[in-house]
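Notes follow once the structure below has been shown.
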Amino acid sequence: MGHIEPQRLWNEYDRPHADLREAIERLERAGELRRIRGAHWNLEMGALAEIVYREESPPAILFEDIPGYPKGFRAISGATNSAKRLAILLGFPAPSHPLDVVRAYRDRMKSHKPIPPRVVTDGPVLQNVEKNQINVLKFPAPLLHEHDGGRYIGTDDLVIMRDPEQNWVNCGTYRAMVQGPDRVGLWMSPGKHGRQIREKYWKRGLPCPVLISCGHDPLLFLAGGNEIRFGLSEYDYAAGHRGMPYDVIESELYRLPMPAHAEIVLEGAMHPGETAPEGPFGEFTGYYAGGRSPQPVMRVERIYHRDDPILGLACPMVPPSDFSYSKCVMKAGMIWDEVERAGLAGVRGVWVHEPGCARMFNVISIKQAYAGHARQAAVLAASCQSGAYLGRFVVVVDDDIDPANLDQVIWAMCTRCDPSEDIDFIRRAWSGPLDPRLPKGVTWNSRAIIDACRPFEMLGDFPPVVTASAELRDRVRRKFADQIKKR
Ligand SMILES: Cc1cc2nc3c(=O)[nH]c(=O)nc-3n(C[C@H](O)[C@H](O)[C@H](O)COP(=O)(O)O)c2cc1C
């Protein structure tokens, strides 16, 4: 075991879930899973994800009996996408407010230590190893939206590559489109670690070896789909959360580490200059901004999979989607942790709002201690690794405002912020082709940082807030208990 006491983390269980299957069992036991039978890969799984994710408190969905596929072949959507699911998976106490999980994450990060994987020689992923007649469509890769350019085998995936200079292993979630039985296209935005690594191989004229895991422990998805700092392997980071290392098996051809308990892993390489038209794909902003463009192709040379494999599925759409809530929580926790590591004091909460596509409308609340504190918080939250890519608005509020409560945030913006004084811009910041507001070819945008705190010099005489005191409210609530709504 690693440094974290399992009893403290996994209070309901004596250890973290071993793999995706055990995680699904735990989610189902907690009432967080719905089984849907008979949904077709051709648009039905995508439409069902959209329908279910318009419900209040939507569950994870396990798609079973997928037409045209063997009975045991399944797909899972939304495994990480509620506060309760995140608490179960990450081993946090049951949350009663969205910020509880964010705070638990930030507290965890104070003692979090990365744990490198343990190399083993056998594991369930080797139950089936295919070397000939490769066909990635033996799995129910969905066509998610009507205008998508193809079926996507990788949506909730882990694209695993080794940095040829520094020898560390990056695992990122990048969409993977089926281009043919043994060809998969990978879309990686400029600046993403996988793209930087691929560029290093190609600049030397070398093929870039790659594994794509298409079903795995949801903690690996949380790591792969969020901006972990360059140089830290998502394997080590995710293992630090579970308090024990991941077992990995070296792949046969390129010796890349694959999760021993993964459901499906593709192995191959992207050859210099080899591209094929990729997309369009319905994206997390709710648009088809990326369109269709030539993107690198992986030649798939091996398929490893468990018996009755479970394909991971993440269906982007106009938010909320089947992964947007989990991104909000993770990103909020990561921003909180990173701004504190950069030296910022007085942070009381961070929230990343779902309608902002889990990236574009982020709020940080602080207890102001000095003039300039609020702008410092805003600039850090807008520029740290987890807050930088494709951001748009960062709002700083005082500590009496709940950053997760949009009504309160908008009230603070309208009453404490003088636009010409209190809105600044960061220009030429990191964005990408998926930003629907950018002209073709431009991959940078601007950020508005909105200081919605009372000006520091006015703190002493800012007009008081009109609200009944807690004592008055309690007294009146008790007196009229039979005539008002229970809290
Ligand atoms: C469901 C999901 C799908 C994603 N798809 C892509 C994608 O196709 N391309 C991309 O560049 N980033 C995508 N992202 C964002 C990256 O996974 C994220 O920026 C991550 O930090 C990338 O890993 P890296 O930091 O190692 O580059 C996706 C994230 C999620 C959660």
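The values are calculated or read from the model by the stated rules, or taken from the named source; none is laboratory data. Keep in mind the model is a prediction, meaning the values are calculated, not measured. Here the Cβ positions follow ideal geometry from the backbone for every residue, glycine too, while neighbour counts run over all protein chains shown. Heads up: the accessible areas ignore ligands, DNA and RNA and are worked out on the full protein's heavy atoms, side chains in. Shrake-Rupley method; radii C 1.70, N 1.55, O 1.52, S 1.80 Å.
Under unit Cβ charges (Lys, Arg +1; Asp, Glu -1), what dipole magnitude, rounded to 20 debye, does segment 6-313 have relative to its Cα centre? Intermediate values should be presented prior to the final figure.
On the way: 38 positive and 40 negative charges, 134 e Å.
For segment 6-313, the charge dipole is close to 640 debye.
5 Å is the cut-off here: which amide hydrogens, built 1.01 Å from N in the peptide plane, fall below it relative to VAL210, excluding neighbours closer than 5 in sequence?
Hits under the 5 Å cutoff: GLY268, ALA269, MET270.
With each pseudo-label sitting 7 Å past Cα toward Cβ, what's the ARG475-VAL119 distance in nm, one decimal?
Each label point is offset 7 Å from its Cα along the Cβ direction, giving 7.3 nm.
What does DSSP give for the chain in terms of the percent of beta bridges that are antiparallel, rounded to the nearest 5? Mind showing how you got there, number by number?
Numbers: 54 of 77 bridges.
For the chain, the DSSP antiparallel bridge percentage is about 70.
In 5 Å bins starting at 0, how do the alpha-carbon pair distances of segment 162-208 split up by percent?
Per 5 Å bin, starting at zero, the Cα-Cα P(r) for segment 162-208 comes out as 5, 20, 25, 26, 17, 6, 1 percent.
If you filter segment 230-292 for GluC sites (Glu not before Pro), then keep DSSP loop positions with at most 15 other Cβ within 10 Å, what is left?
On the way: sites: GLU234, GLU250, GLU252, GLU263, GLU267, GLU274, GLU278, GLU283; in loops: GLU252, GLU263, GLU283.
Answer by residue number: GLU252.
Largest first, how would ARG29, ARG348 line up by accessible area (1.4 Å probe)? Provide the component values of the computation, followed by the final result.
Working: ARG29 155, ARG348 110 Å².
I get ARG29, ARG348, largest accessible area first.
Under a point spin-label approximation (7 Å from Cα along Cα-to-Cβ), what is the LYS110-ALA94 distance to one decimal in nm?
Modelled inter-label distance: 2.5 nm.
Starting from the Cα gyration tensor of segment 40-190, take the square roots of the eigenvalues, sort them a ≥ b ≥ c, and report rounded, prolate or oblate (rounded when a/c is under 1.5, otherwise prolate if a/b is larger than b/c, else oblate). Walk me through the numbers on the way to the answer.
On the way: a/c = 1.80, a/b = 1.18, b/c = 1.53.
It is oblate, given that a/c is not under 1.5 and a/b is not larger than b/c.
Give me the accessible area per residue for segment 324-458, probe 1.4 Å, as a whole number in Å². Don't jump to the answer; show the numbers that get you there.
Details: 5390 Å² over 135 residues.
Here the per-residue accessible area is 40 Å².
Hey, what's the Cα Rg ratio for the chain versus the globular rule of thumb, 2.2 N^0.38 Å? Spell out each step's value before the answer.
Working: Rg = 23.2 Å, N = 487, 2.2 N^0.38 = 23.1 Å.
Its radius of gyration relative to the 2.2 N^0.38 Å reference: 1.00.
Only helical DSSP H runs with n ≥ 4 go in: add -39500 (n - 2.57) per run for the chain, normalise by residue count and round the 222 nm mean residue ellipticity to 500 deg cm²/dmol. Provide the component values of the computation, followed by the final result.
Values: 14 runs with 130 residues, N = 487.
Value at 222 nm, helices only: -7500 deg cm²/dmol.
Straight-line reach from LYS138: which lysines have Cα under 29 Å away, leaving out those fewer than 8 places along the same chain?
Straight-distance partners of LYS138: LYS71.
Relative contact order for segment 287-365: what percent, with Cα pairs under 8 Å and sequence separation of 6 or more? Intermediate values should be presented prior to the final figure.
On the way: 70 pairs, mean separation 19.0, N = 79.
Reported relative contact order: 24 percent.
Rounded to the nearest 20 Debye, what is the dipole magnitude of segment 254-337 about its Cα centre when Lys and Arg each give +1 and Asp and Glu each give -1 at the C-beta? Don't skip to the end; give the middle numbers.
Values: 7 positive and 10 negative charges, 36 e Å.
Computed charge dipole of segment 254-337: roughly 180 debye.
Run the accessible area of segment 324-458 with a 1.4 Å probe and give the carbon-and-sulfur part as a rounded percent.
On the way: 3040 of 5390 Å².
Summing carbon and sulfur atoms, their accessible area is 56 percent of the total for segment 324-458.
For segment 144-267, take the convex hull of the Cα atoms, compute a quarter of its surface area, and give me that in nm², please. Spell out each step's value before the answer.
Values: hull surface 32.1 nm².
Mean orientational projected area (segment 144-267, Cα hull): 8.0 nm².
Take every DSSP beta bridge with both residues inside segment 324-458 and express the antiparallel ones as a percent of the total, to the nearest 5.
Close to 50 percent.
Between ALA47 and GLU165, how many nm apart are label points set 7 Å from Cα along the C-beta direction?
Result for the modelled spin labels: 4.9 nm.
Using only C-alpha atoms and all pairs of different ones, pull out the Kirkwood radius for segment 324-458 in Å with one decimal.
On the way: mean 1/r = 0.0682 Å⁻¹.
One over the average 1/r among Cα pairs gives 14.7 Å for segment 324-458.
Which of the lysines could a cross-linker span from LYS486 if the Cα-Cα distance has to be under 28 Å and same-chain partners fewer than 8 positions apart are dropped?
LYS84
With a 1.4 Å probe and every protein chain kept in, tell me what percent of the accessible surface of segment 6-313 is carbon plus sulfur. Walk me through the intermediate numbers first.
Values: 5670 of 11510 Å².
Result for segment 6-313: 49 percent of the exposed heavy-atom area is carbon or sulfur.
Below 8 Å between Cα atoms, with a sequence gap of 6+, how large is the relative contact order for segment 6-313 in percent? Each step should come with its number before you reach the end.
Numbers: 706 pairs, mean separation 69.5, N = 308.
Once normalised by length, the contact order is 23 percent.
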